[in-house]
Amino acid sequence: MQFGALGDVHGDFEAVRRIQAAHPGVRLWLCVGDLADDEGRYEPLAAPVYWIKGNNEDFDRIAAGSFPENVRHVPNAVTVTVSGLTIAGLGGTLAPTWYDTAADRLPYPKRPGGPAVRDDKRRHFVRDEVETCKTLHGVDVFMSHEAPRPFFISRPGGRGNDAGKTPINEVLSAMRPRLHLFGHHHRFTDQVRQGVRSVGLDLVSKSYLLVDSTTLDVTRVDVG
């Protein structure tokens, strides 16, 4: 059996539907964040997608826990077992200024019923969530939105800056999941970090993964 893995969606639900239609036997999909469109909207899907928050979401909807059919949010620092697969996540991005804030104290603009607001600190993860992730064991797939270090953003004439985040490495080292998936940078990579296979996913419009549910061997599928 297989499950699927999707990179950042950014509201391209038509691409998700096409991918799911191409694999009707795959009944479980994971997503590494940034699922919502620019207005913070989510759409129903044909098969369940378990996703972690990115930095572009409707965080009011996440707080309320109300989503369309088959859109299933995985909160930070908890485990979810689906079809015998244990999943954990650390969604959002790292902001050192807010890292030591309690997750429920992250400030956000109060605009009930309005569109998604970019300046919403709930888009970040915090130290308490990282520390809790470190205590989780028996995890098959760990998803994060951020990359582990090193993750170089290429620049002409050099390797560029390391965009990876040390807390992700810390979680990998302590948790020891069987597979790590991440997004945010919209680029496919396949590396080993802290002894864990760590795969970065493309935008969903470019490629996706099929993963063997037993071995966790990964196959990349390009979108034609």
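The numbers here are math on the coordinates, done by the rules we state, and not lab data. The model shown is predicted, which means the values in this text are computed figures rather than measured ones. Here the Cβ positions follow ideal geometry from the backbone for every residue, glycine too, while neighbour counts run over all protein chains shown.
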Got the relative contact order for the chain handy, in percent, Cα pairs under 8 Å and 6 or more residues apart?
21
At 7 Å along Cα-to-Cβ for each site, give me the label-to-label distance between Thr81 and Ser213 in nm.
1.5
Using a Gaussian network model of the chain whose springs link C-alpha atoms within less than 10 Å, name the residue from Ala64, Ala103, Ala15 with the highest mean-square fluctuation.
Ala64
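For region 2-222, give me the percentage of DSSP beta bridges that are antiparallel, rounded to the nearest 5 percent.
Working: 20 of 41 bridges.
Antiparallel: roughly 50 percent of the beta bridges in region 2-222.
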Starting from the Cα-Cα distance between Thr101 and Gln191, subtract it from 0.36 nm times their residue separation and give me the gain in nm to one decimal.
29.3 nm
Name the long-range amide H neighbours of Gly11: under 5 Å, sequence gap of 5 or more, or other chain; modelled H, no Pro or chain starts.
Ala36, Asp37
Largest fluctuation, Val32, Val171, Val78 only, Gaussian network model of the chain with Cα springs under 10 angstrom, belongs to Val78
Around Gly54, which amide H atoms from residues at least 5 apart in sequence, or from another chain, sit under 5 Å from its own amide H, with H modelled in the peptide plane?
Asp34, Leu35, Gly92
Net charge dipole size for the chain [Lys, Arg +1 and Asp, Glu -1 on Cβ; Debye, nearest 20]
380
Of all C-alpha pairs within region 36-85, those more than 18 angstrom apart amount in percent to 29
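If you take the alpha carbon radius of gyration of region 25-121 and divide it by 2.2 N^0.38 Å, what ratio comes out, to two decimals?
On the way: Rg = 14.0 Å, N = 97, 2.2 N^0.38 = 12.5 Å.
For region 25-121, the normalised Cα radius of gyration comes out at 1.12.
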Using Cβ contacts closer than 10 Å as the measure, can you line up Met175, Met1 from fewest to most?
Met1, Met175
Calculate the spin-label point distance for Arg41 paired with Glu69, positioning each point 7 Å from the Cα along the beta-carbon direction, and give it in nanometres.
1.8
Contact order relative to length of region 12-115, as percent, for alpha carbon pairs under 8 angstrom and 6 or more apart
22
In what order do Phe125, Phe142 fall by count of nearby beta-carbon atoms within 10 Å, going from fewest to most?
Phe142, Phe125
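Please list the three semi-axes, largest first and in whole Å, of the ellipsoid equivalent to region 120-212, using sqrt of 5 times the eigenvalues of its alpha carbon gyration tensor.
Working: eigenvalues 92, 56, 38 Å².
Equivalent-ellipsoid dimensions as semi-axes: 21, 17, 14 Å.
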Just going by the charge dipole of region 2-222, with Lys and Arg at +1 and Asp and Glu at -1 on Cβ, which of Val71, Thr93, His137 is farthest out on the positive end?
His137
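Can you put Arg61, Arg105 in order, fewest other beta carbons within 10 Å first? Walk me through the numbers before you get to the answer.
Numbers: Arg61 18, Arg105 9.
Lowest to highest Cβ neighbour count: Arg105, Arg61.
In terms of the Cα gyration tensor, with a ≥ b ≥ c the square roots of its eigenvalues, is region 172-215 rounded because a/c is under 1.5, prolate because a/b exceeds b/c, or oblate?
Working: a/c = 2.69, a/b = 1.48, b/c = 1.81.
Taking the square roots of the gyration eigenvalues as a ≥ b ≥ c, region 172-215 is oblate.
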Can you give the direction-averaged projected area of the convex hull of the alpha-carbon atoms in region 2-222, in nm²?
11.8
